[in-house]
Amino acid sequence: MTQIEIKRGAPIGLRVVVFALAFLFSFPGIYLIWRNLTEDSDPISLIGTERILSPLWRSVSLALAVSASAAVIGTLLAWLTSRTDIYGCKVWKLLLPIPLVFPTFLGAAAFIRTMNPGGLLNRFFSTLGVDQTIEMRGFFGAWLVLTLFCYPYVYLPVAARFRQLPRSLEESSRVLGQTPIRTFRKIILPQAGPVIAAGTLIVFLYTISDFGAVQLMRYDTLTRSIFTAQLANQSVALALSLILLLLAGVIVLSERIFSRVTFKTDQALMGKPLEYELGKWKIPAFIFTIFVSLLSIGAPLLAIGDWASDGIFRSTVGGRPLTIDREQVWESAWNTLSISVIAGIAAVLAVLPVAYIVAKYKSRIGRFSHAVVISTFALPGLLIALAMRFWTLRTDWAFDLFNNTKALLVFSYVVRFGSLAMGVVLLAVAAVPQRLQDAGRTLGVQRGSRFFRIDLPLMTPGLGAAAGLVILSTMKELPITLLISPLGFSTLATRIFSSFEDAFVTEAGIMALVLVLISFFLTWFLIIRKADHF
Amino acid sequence: MILRTFLTTVLLASLLFGCGGSDPEFLDGRAAEIYGGECSGGNGKSVTIYSGRTENLINPVLEAFACETGTNVQVRWGSSINLALLLNEEGSKTQADVFLSRSPGPVGYLESKDLLGQIGEDVLSLVDEQNHSAAGTWVGFSGRKRVLVYNTDEFSPETLPDSVFDLTDPKFKGKVAIPGTNGSFVDWFTVFIDQYGEETATQWLNDMVDNDAKYYPNNRSIVEAAGRGEISMGLVNHYYNYQEVAANPDTHKALNYSFNDNDIGSLLVITAATKLASSENDEAAEDLLAYLLTAPVQQYFTDRTFEYPLAAGVVPNAALPALTALEIGSVDFDKLGGGFEEASRIVEASGILNR
């Protein structure tokens, strides 16, 4: 029942809004260009030099490897938990998004301290007589940790997409005697392809921007070059950052060309999607899911729990007293929860017009804005923080209005993480059948009214999942929170960082546990409860 | 549904805000060790601090200052390098009056940008001459000694070398960790270059690379890895091992080892306090800097954070390695601002960062 789609030009109001949003999202990019000019940087002469090529190659090869594995794991898990009769489906839905919330420096440290020589698991294995465990470092260590912490970027949107696919095609395929695997390959994968690609792109960009994990794994990337050059040779750092952003822009634009197929369905309202029986695959699928969650959630939780319990025990028997009290933990927890929820909602609202114009209209501004929002994700948080500071200080009214406010902090989060919401929001927008719109129009309902009465209710579950992605990521954010937040504002992540820096691992462990608990609650509330209405 | 949401919110709010406040008149915990008296009322002054030193250890000092003087204290915590970059971005519009740095490098950077103000002679004279800048733009408030941290299962002190130069010996092939990108390492290496000349310093680092030295991102990760036995030894600040031992007394198997007193490997690196040129709270900023150098605070630094005191005649904690070579601190840290870039370039070129 495909219908011929005629994309119209977008209404002028929407175009203006989208243009304004693109401008706001391009603050970091404009900042980099500006600073490159004022600092007399010379990015062009750097291109092609050894100084950039080898770290760039290491960054890109790591990002490719991580995206490939995260795409496979994320898609498989999405399929298993949303469309099959796997054991413990509800539990997996609650657990699988959790890795998003571990700060990568903490996750990487947890792996190093658990698996490497002398670590908890390593000692456990040697008592069993296994002498050699794989050492977490370099390319392998970075790849493993980033894959385990990034697969939810694919898993979440793809699971949402799988739940949304119309059952009619799959039923036909079944009736025609196709095996489930063939149905998956021929019917489902092509329909989910653009969503998988969008999620994979996010993983790619995140890997490029990451500093915490690659640094601890001692894998030398472009972000490391940028960070070490910052004090010693600022113009080089600025030039490298600009090159990084441009590279991201090129990749994002080319991804759009490859996945021109939009996320369209006209039969989103066809009831519960088909569920497949795994049959003889039931046990292997179960083992695979357990394996992934043990590594990505179990291992860090084990380390964190070990730190927390060890120190609490020691402080009760007269060892080093804890340096945090209950009040501080509550305050940081509340700050974390409230600011990240606000950021999540704001991010969804900010990308909604962009997603709307991309999905519904033929618009150059739309495509451009989309590319700006997504490619900004390749920039390390520190650069976004500095850029935001820079802009508020350049204009007096912005300074008076925003300096030392949470508004600026939320704005910075939205710019940093808006890209995460984009994919899922796009999916939600495109899933609203055109014929309902047409029906509304025929009945004489105004455009604005149609949006609130038809589109918005249908999109709510998708928007919830999008907000969830942003919220879980904001909760662990560090450089922006440290540099942009109002004075005296602390989150769990900033306290974890501060404690961890001076080996107060107990305090870090306690607060990380609180962070995980909050994220369980949010995952249940935003992603699972809402998504079941799909 | 709405009712449920409401109830959940109320429950959550009561949990979050329900806990009682502490007595505002007296301090408790670590801050009380510094100042045990009754807090004075507000003195109308306020000071904003950007602190590269971490909250768990420095906040008690700032709480004591606020309580004892009645000054309103606000803090932004972060890494020294990030805060220095932020200060550069903020320029004269910054809210910060005082910047506390973990190592001299970020201070040199801010000095090169002309962002630091002149500290009064009263405060500067509280420390020895080598521990403040000649121009009066920064003052040291605690010291950290460069040491070799080693795993006690693999080495004993008798088998360790007298000088950092001996680490290029084949005996130590593949055994030594170097925090090549770490601020205090680069600071130390800058002084190394200053003392021995660029050629010798470059040669030493290249020999270390040839001797299969390993790169680690920072002091903390080396000390932690040495404690587990992942690496045999590493060049770090003395201070980190104490924190690690306090956190994991049973499993952490690493100790500090000092090179010869006169060896460059035993350099004392200071943590520095500065006043921003744009500060409008000059008096409160001076008060705070002076407070950092009072006897109770210096005592706290040596007893609780295991650093070397620099003022008020406070004696280093007995647990710290002896510091007979304090004069080695007389190295001119003013040179670090300019030398930092050169040192970074040599470190980058040596290839250690890929090991």
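The values are calculated or read from the model by the stated rules, or taken from the named source; none is laboratory data. In this text the structure is predicted, and so the values were computed from the model without any measurement. With ideal geometry, Cβ positions are generated from the backbone for all residues, glycine too; neighbour counts draw on all protein chains shown.
Some observations on this one:
- Test result for residue B:286, modelled with pLDDT of 85 or more, closer than 21 Å to residue B:137 by Cα and part of a loop (DSSP other than H, G, I, E, B): no
Here is a yes/no grid of residues against (1) of a type in the set (Gly, Ala, Ser); (2) touching a strand residue (DSSP E or B) at 6+ places or on another chain (Cβ under 8 Å); (3) farther than 30 Å from residue A:382 by Cβ:
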| residue | (1), (2), (3) |
| --- | --- |
| B:77 | no, yes, no |
| B:80 | yes, yes, no |
| B:102 | no, yes, no |
| B:129 | no, no, yes |
| B:140 | yes, yes, no |
| B:153 | no, no, yes |
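- Summed over segment A:496-528, the residues that are over 23 Å from residue A:415 (Cα atoms) and in contact with a strand residue (DSSP E or B) (Cβ under 9 Å, 6 or more places away or on another chain) give a count of 1.
- For residue A:418, the test of being under 26 Å from residue A:340 (Cβ atoms), out of contact with any Phe, Trp or Tyr (no Cβ under 7 Å at 6 or more places or on another chain) and either within 14 Å of another protein chain (Cβ to nearest Cβ) or surrounded by 20 or more Cβ atoms within 10 Å (Cβ to Cβ) (or both) is failed.
- Selection of first residues in segment B:205-224 that are closer than 29 Å to residue A:504 by Cβ and of second residues that are surrounded by fewer than 19 Cβ atoms within 10 Å (Cβ to Cβ) and of a type in the set (S, T, N, Q), restricted to Cβ pairs under 8 Å at least 6 apart or on distinct chains, gives the following pairs, ordered by first then second residue: B:215/B:354.
- Any hit, segment B:213-235, residues being among the polar types (S, T, N, Q) and either surrounded by fewer than 18 Cβ atoms within 10 Å (Cβ to Cβ) or part of a strand (DSSP E or B) (or both): no
- In this structure, residue B:3 does not qualify as facing chain A (nearest Cβ under 9 Å) and modelled with pLDDT under 90.
- Selection count where residues are modelled with pLDDT of 90 or more and either among the basic types (Lys, Arg) or not in a helix (DSSP H, G or I) (or both), scope segment A:36-70: 1
- Of all positions in segment B:188-205, none carries a residue that is at positive phi and part of a loop (DSSP other than H, G, I, E, B).
- Flag for residue A:73 being under 30 Å from residue A:286 (Cβ atoms), under 29 Å from the mean Cα position of the chain (by Cα) and not in a helix (DSSP H, G or I): no
- Residue check, residue B:230 among the acidic types (Asp, Glu) and closer than 30 Å to residue A:115 by Cβ: yes
The rows are residues; the columns are (1) touching a residue at least 24 places away in the same chain (Cβ under 8 Å); (2) more than 14 Å from every other protein chain (Cβ to nearest Cβ); (3) part of a helix (DSSP H, G or I).
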site	(1), (2), (3)
A:154	yes, yes, yes
A:159	yes, yes, yes
A:198	yes, yes, yes
A:214	yes, no, yes
A:229	no, no, yes
A:242	yes, yes, yes
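- Taking the criterion of being over 14 Å from residue B:30 (Cα atoms) and buried (at least 17 other Cβ atoms within 10 Å of the Cβ), the residues of segment B:291-305 that qualify are B:291, B:292, B:293, B:294.
- Considering residues of segment B:23-35 that are touching a helix residue (DSSP H, G or I) at 6+ places or on another chain (Cβ under 8 Å) and not in a helix (DSSP H, G or I) only, the residue modelled with the lowest pLDDT: B:29
- Residue match in segment B:193-203 (condition: within 14 Å of chain A (Cβ to nearest Cβ) and either in contact (Cβ under 8 Å) with a residue 40 or more places away in the chain or among the β-branched types (Val, Ile, Thr) (or both)): yes
- If the condition is being under 15 Å from residue A:469 (Cα atoms) and crowded, with 20+ Cβ neighbours inside 10 Å, then segment A:347-369 contributes A:347, A:348, A:350, A:351, A:352.
- Within segment B:161-175, if we keep just the residues that are over 14 Å from residue B:258 (Cβ atoms) and part of a loop (DSSP other than H, G, I, E, B), the residue that is nearest to the chain's Cα centre (by Cα) turns out to be B:175.
- Set A:420, A:443: member being modelled with pLDDT of 75 or more, within 27 Å of residue A:157 (Cβ to Cβ) and not aromatic (Phe, Trp, Tyr): A:420
- Those helices (runs of 4 or more DSSP H) lying entirely in segment B:36-125 with at least 1 residues within 11 Å of chain A (Cβ to nearest Cβ): B:55-69, B:80-90, B:104-112
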